[in-house]
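The values are calculated or read from the model by the stated rules, or taken from the named source; none is laboratory data. The structure displayed is predicted, hence computed values, not measured ones. Glycine gets a Cβ as well: all are built from the backbone with ideal geometry, and neighbour counts include every protein chain shown.
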Amino acid sequence: MRANDDKLQKEKPMITVMSNNLAPVLSRAVGIVKVRDMLPILKCVMLTADGGRLTIDANNLEMATRETIPASEGSAKGCIDTVRLHAVVSKLPENSEIVMEFQEEALILKTKSSRIKLEMLSPSEFPVFSESDYTAKFTMDGKDLAKALSHVIPFVSDEETRFYLGGVNVRAVMNDKIIRFAASDGISLGVVRLPLSPEINTPYDVIIPTRAIEELVKGLTDTPVKVSVSPHNVSFETNTRLLISKVIGSEYPDIERVIPTPGENIWCVDRAEFLNALGLATAAARSERTIVVRIELSEDKTTISVTSGPNDTVVEMDGAFSRYTGNPIITTFQSHLLERIVKLAAKMIELRFDDDAKLFLARDVDDGTSVYVAMGRRG
């Protein structure tokens, strides 16, 4: 009888995991897989149980992730529809113990009060990312990486005609000993410069697609991240997660040429107060896709105004929260550009204009690593 039990266990390997560990991983995997693809395997995650761990792989042929969570001892492998598995696990009570039984063509999920059977595909069909010869490898603090990426991704272009602007440019500038993160949509620009890791002795210059950046930022904490770069792929690895993405095969524009020399007309403004004034100024505007904001700056007064059809709103900022030094200027900018940049500041933001007032250079007063540029027009 014992021999038969051993044979049954071998044919139907089982492991146990906790729902609170599995659910967030599946939630991220749903954002990776091709849920509408004609090939069923590309809708799946691959589950691999081994050595007291469960590894969850997702792959959409452009980007792949691998995450691990604790599990009971056992060895098994299979591919399950990601959306269906996530739907089941997310509905379970908090901290539910899940027994996974891997059958030949099905995965059985058992809890105290339920038994769910899901179709399972062969892991031999699952796509595998080819290994790259990485030319640069270094380690970054996860918190620093997340901040750099989140400060530039709002500037990425969504125009398909300029596909090379559809991602974040990451470049090792060897002469200046910095790693530069940059993104632009053609009328605004975000740049973050951080000290170059001593590990890097080979220059690199790649464009990481927006979707890969968004997925990466979701899982970053303050733990170290191992970054590997090649001309074709880039990978980011922590203790529990690996993300690999193809890079955009193009050359990024020379953004240093468009970053203006800081002007002598300087406006320092409180982040919260500016957003409140901007929100009030644009509240009466018609539901237009682009709202143009007029800014009048002098050392005596700062006003923000919006004219939209018959509606006209003028907001004068309190001098306690807005300070300007320089020549009086009048300039206009699209409201979403101003809001996008000011939101990135922690408390105070500094905007520097030249006398033409067609372009401004902005930075967080308390953070010297980031600069932002936006184009407007005078008067």
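From the list Ile329, Ile248, the lone residue that is under 30 Å from Met63 (Cα atoms) and surrounded by 18 or more Cβ atoms within 10 Å (Cβ to Cβ) is Ile248. Val292 satisfies every condition listed in (1) in contact with a helix residue (DSSP H, G or I) (Cβ under 8 Å, 6 or more places away or on another chain); (2) buried (at least 18 other Cβ atoms within 10 Å of the Cβ) except (2). Taking first residues from segment 357-379 that are over 17 Å from Val342 (Cβ atoms) and partners that are modelled with pLDDT under 90 and among the acidic types (Asp, Glu), the Cβ contacts under 7 Å between residues at least 6 apart in sequence or on separate chains come to Arg378/Asp356.
Look through Ser122, Ser96 and report the one residue that is of a type in the set (Ser, Thr, Tyr) and crowded, with 17+ Cβ neighbours inside 10 Å. Break it down stepwise before answering.
On the way: Ser122 fails: crowded, with 17+ Cβ neighbours inside 10 Å.
So the residue among Ser122, Ser96 that is of a type in the set (Ser, Thr, Tyr) and crowded, with 17+ Cβ neighbours inside 10 Å is Ser96.
I need the full set of residues from segment 199-217 which are farther than 19 Å from Asn59 by Cα and either in contact (Cβ under 8 Å) with a residue 12 or more places away in the chain or assigned to a strand (DSSP E or B) (or both), in order please. Within segment 199-217, Glu199, Ile200, Thr202, Pro203, Tyr204, Asp205, Val206, Ile207 meet the criteria. The one condition from (1) assigned to a strand (DSSP E or B); (2) crowded, with 19+ Cβ neighbours inside 10 Å that Lys117 does not meet is (2).
Show me the strands (runs of 3 or more DSSP E) entirely contained within segment 218-307 in which 1 or more residues are in the same structural domain as Ile208 (by TED's automatic domain parsing) and among the small types (Gly, Ala, Ser). Even if it seems obvious, please write down each step before you answer.
On the way: elements: 224-229, 233-237, 241-246, 265-270, 292-297.
Counting at least 1 such residues, we get 224-229, 233-237, 241-246.
Using the structure shown, decide if Asp364 is of a type in the set (D, E, K, R) and buried (at least 20 other Cβ atoms within 10 Å of the Cβ). Considered against the rule, which asks whether it is of a type in the set (D, E, K, R) and buried (at least 20 other Cβ atoms within 10 Å of the Cβ), Asp364 comes out as yes.
Within segment 250-271, the residues that satisfy the criterion of being touching a residue at least 24 places away in the same chain (Cβ under 8 Å) and either of a type in the set (Gly, Ala, Ser) or more than 21 Å from Leu338 (Cα to Cα) (or both) are Ser250, Glu251, Tyr252, Pro253, Gly263. Looking only at residues in segment 332-361 that are under 21 Å from Gly279 (Cβ atoms) and among the small types (Gly, Ala, Ser), the one that is surrounded by the most Cβ atoms within 10 Å (Cβ to Cβ) is Ala345. Considering Ser157, Ser132, the condition of being outside any strand (DSSP E or B), surrounded by fewer than 18 Cβ atoms within 10 Å (Cβ to Cβ) and of a type in the set (Ser, Thr, Tyr) is satisfied by Ser132 alone.
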